[in-house]
Amino acid sequence: MSLYKKNKFLAVLLLLTGLSGSFLPVASGQGLGNSPYTVLGVGEPYSDAFASTLGMGEAGVSSSNGIHINNLNPALWVRNRYTTFEFGAIGQYKEIKSENASQRDFGANIGYLALSFPVAPKWSLGISLKPYSFVDFESRTNAKVPDTIYDTYYYYSGKGAINKAAFTNAFQLGKYVSVGLEASYLFGNVRRASESQLLIGDGRDYLVSRVERNSYADFGFRAGTAVRLPLKKDNKLNLNFGATYALGSEMNSRQTTSFELSSNSFPVGLPDTLTNNTKGGVTLPSKYRVGVSLEWPYKFTVAVDYEKQNWSEYRSFANTNDGLTNAGRVHVGLEFIPRITSTRYFDLAAYRAGFSHGKMPFSPDGMELNDTNFSFGGSFPIGRGGNSFTLTVIGGQRGVVSNKSIQERYGRFILGLTLADIWFQKQKID
C-alpha cells in the first residue's frame, strides 16, 4: 500500500490506542453500572466476543467471515488475511428490582482493542487488550442503634476490574483444520468496603470503615481448533465445527485490609492495618465452548454454540467458594450479507440477529437463576476495503424478584470499528 495510506491507518490506530489507554483505568473502575451480582467471585466476567459476534447472540466459535476478528476461538484468527485493527466500546442501561426497591443505572467502558496480522499464508499473530471482569456495586440500609435514639447507615460497596492482555498464535493445518493458542496476562485491582455511619448530630457524625484492597496478576491460556468441511464445490457451502478450552489457574493475589474511623470526612487517628500486602491466591475455573455452523461464504451463516464454566472450582482469597455453581449457556445466531459484489451500500452490509440463554453461577438457597437475551445489529462499510463500523444492541433479563435475589433488565449497546489493510507486501518494480 502507499505510504500515505499506511500513515493514515497508523494514525487512526495510534489515536484510538492512546485514547483508550487514557480512559481505560477510569472506565474499568466504573464497570457497567451498579450490579449487585458482582459482589461474588471476581465480579462479572466480560464476554470474549467482539461486536460482530455479540450481534449473533455470541455464537460463532466455529466460523469466521475473515473480515472481522473472531475472538471466540484463537484458531479463527488465521482467517483474517489482512492486517486488521479492531476497537470496541460498550454501554449498558439497566433496571434493578428487589421486593421493596428499584433502581435505574447506566455505565460504559472500553470493550476491547485488538490487532491481527498475517505472518505467512497459513500463520497469523494477534494481540489484544480487554477487561476480563469488573466489580461495581453499592447498597445502603439504615436502622436505629439498639437501645439509643441515634440512626446509623450501613454502606456496602465495591469498585475495580481485572484486565486481560493477550497474545494469539493461529495456524492453518492443511485445507480444513486450524488451531490456535492464546496466552494472556491478567492484572487489576479491586476495592471492597463495609461502612457504618453513626448520625449523632451537632457536627459529630462518625464513619467506621473496613476496607479490603486486592491486587491480581497471573497468566492464563486458552486453546482452540476449528474445522471447515466443504459440502459443495468451490466452498459454496461449508459445515463448520469449533471448540475452545480455557485452563483454570491459580491467580496470584495480594490483600491489604484496614480499619478506618472518620468524622465529617476527616480521619480520626491513623488507620489500623489488619493485614498488609498479604500474599494469597484466587482459583479461576476452567471453561469450554463447542459449536457448529452452516456457512454460505459472504452470504449467510447460522451458528449454534454451547459453553460451560465450572464455577464450583472457584476459590476466593479466603479459600471459600462464595456459593458459586457451574453455569452453562446456549448461543444461537445468524449473519446475512445481501450481495457482496453489489455497488449498493446496504447490499454490502452484514446484518445479524441472535439469542442466548443460560444458567447464572449464583444459587441463593438452591434457587436457579437464568439470564436470557436477544441481540441484533450490523456492520456497515466505511469506504473501500474491509473498513467498517459495527453496531450491536442486546436486550435481556436475568434473575427474579424474591427475598433472596434481584432482577435485572438490561439494554447493552456495543460500537465497534474495524480497520483493515495490506502490510508487508513486497513492491514490484516494472
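Couple of notes before you dig in:
- Of SER139, SER157, all but one fail to be surrounded by 14 or more Cβ atoms within 10 Å (Cβ to Cβ), in contact with a strand residue (DSSP E or B) (Cβ under 6 Å, 6 or more places away or on another chain) and in contact (Cβ under 8 Å) with a residue 40 or more places away in the chain; the exception is SER139.
Conditions tested, residue by residue: (1) in a strand (DSSP E or B); (2) basic (Lys, Arg); (3) under 19 Å from LEU72 (Cα atoms); (4) in contact (Cβ under 8 Å) with a residue 60 or more places away in the chain.
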position: SER184; (1), (2), (3), (4): yes, no, yes, no
position: VAL190; (1), (2), (3), (4): yes, no, no, yes
position: GLY242; (1), (2), (3), (4): yes, no, yes, yes
position: GLN255; (1), (2), (3), (4): yes, no, no, yes
position: GLU260; (1), (2), (3), (4): yes, no, no, no
position: THR273; (1), (2), (3), (4): yes, no, no, no
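- Residues of segment 215-242 satisfying the condition of being under 28 Å from ILE127 (Cβ atoms), surrounded by fewer than 20 Cβ atoms within 10 Å (Cβ to Cβ) and hydrophobic (A, V, I, L, M, F, W, C): ALA217, PHE219, PHE221, ALA223, VAL227, PHE241
- Segment 316-346: number of residues that are among the charged types (D, E, K, R), surrounded by fewer than 17 Cβ atoms within 10 Å (Cβ to Cβ) and part of a strand (DSSP E or B): 0
- Which listed residue, of ALA11, ALA27, is buried (at least 19 other Cβ atoms within 10 Å of the Cβ) and either at pLDDT below 85 or not in a strand (DSSP E or B) (or both): ALA27
- Set ASN65, ASN70: member being polar (S, T, N, Q), out of contact with any Lys or Arg (no Cβ under 7 Å at 6 or more places or on another chain) and modelled with pLDDT of 95 or more: ASN70
- In segment 202-232, residue farthest from GLU250 (Cα to Cα) [restricted to those that are assigned to a loop (DSSP other than H, G, I, E, B) and in contact (Cβ under 8 Å) with a residue 40 or more places away in the chain]: GLY203
- Screening SER356, SER363, SER312 for residues that are open to solvent by less than 20 Å² (accessible area, probe 1.4 Å) and of a type in the set (Ser, Thr, Tyr) leaves exactly one candidate, SER356.
- Condition met for SER2 (at pLDDT below 90 and either open to solvent by less than 10 Å² (accessible area, probe 1.4 Å) or of a type in the set (Lys, Arg) (or both)): no
- Of all residues in segment 36-77, those satisfying the criterion of being closer than 12 Å to PHE134 by Cβ and surrounded by 24 or more Cβ atoms within 10 Å (Cβ to Cβ) are VAL42, GLY43.
- Listed conditions (1) touching an Asp or Glu at 6+ places or on another chain (Cβ under 6 Å); (2) open to solvent by less than 10 Å² (accessible area, probe 1.4 Å); (3) among the hydroxyl-bearing types (Ser, Thr, Tyr) are all met by THR84, apart from (1).
- Members of segment 87-130 that are open to solvent by 30 Å² or more (accessible area, probe 1.4 Å), part of a strand (DSSP E or B) and either under 24 Å from GLY395 (Cα atoms) or basic (Lys, Arg) (or both): PHE87, ALA89, TYR93, GLU95, LYS97, SER102, GLN103, ARG104, ASP105, PHE106, ALA108
- Residue satisfying condition, being buried (at least 17 other Cβ atoms within 10 Å of the Cβ) and either closer than 30 Å to ARG191 by Cβ or touching a Leu at 6+ places or on another chain (Cβ under 6 Å) (or both), within set SER263, SER249: SER249
- In segment 295-314, the residues that are farther than 26 Å from GLY248 by Cβ form Cβ pairs under 6 Å with partners that are of a type in the set (S, T, N, Q) and surrounded by 23 or more Cβ atoms within 10 Å (Cβ to Cβ), at six or more places apart or across chains, as follows: GLU295/SER63; GLU295/THR301; THR301/SER63; THR301/SER293; ALA303/SER63; ALA303/SER293.
The values are calculated or read from the model by the stated rules, or taken from the named source; none is laboratory data. In this text, all values refer to a predicted model and were calculated from it rather than measured experimentally. Note that each Cβ is placed from the backbone with ideal geometry, even for glycine, and that neighbours are counted across all protein chains shown. All accessible areas refer to the heavy atoms of the entire protein, side chains included, with ligands and DNA or RNA removed. Shrake-Rupley method; radii C 1.70, N 1.55, O 1.52, S 1.80 Å.
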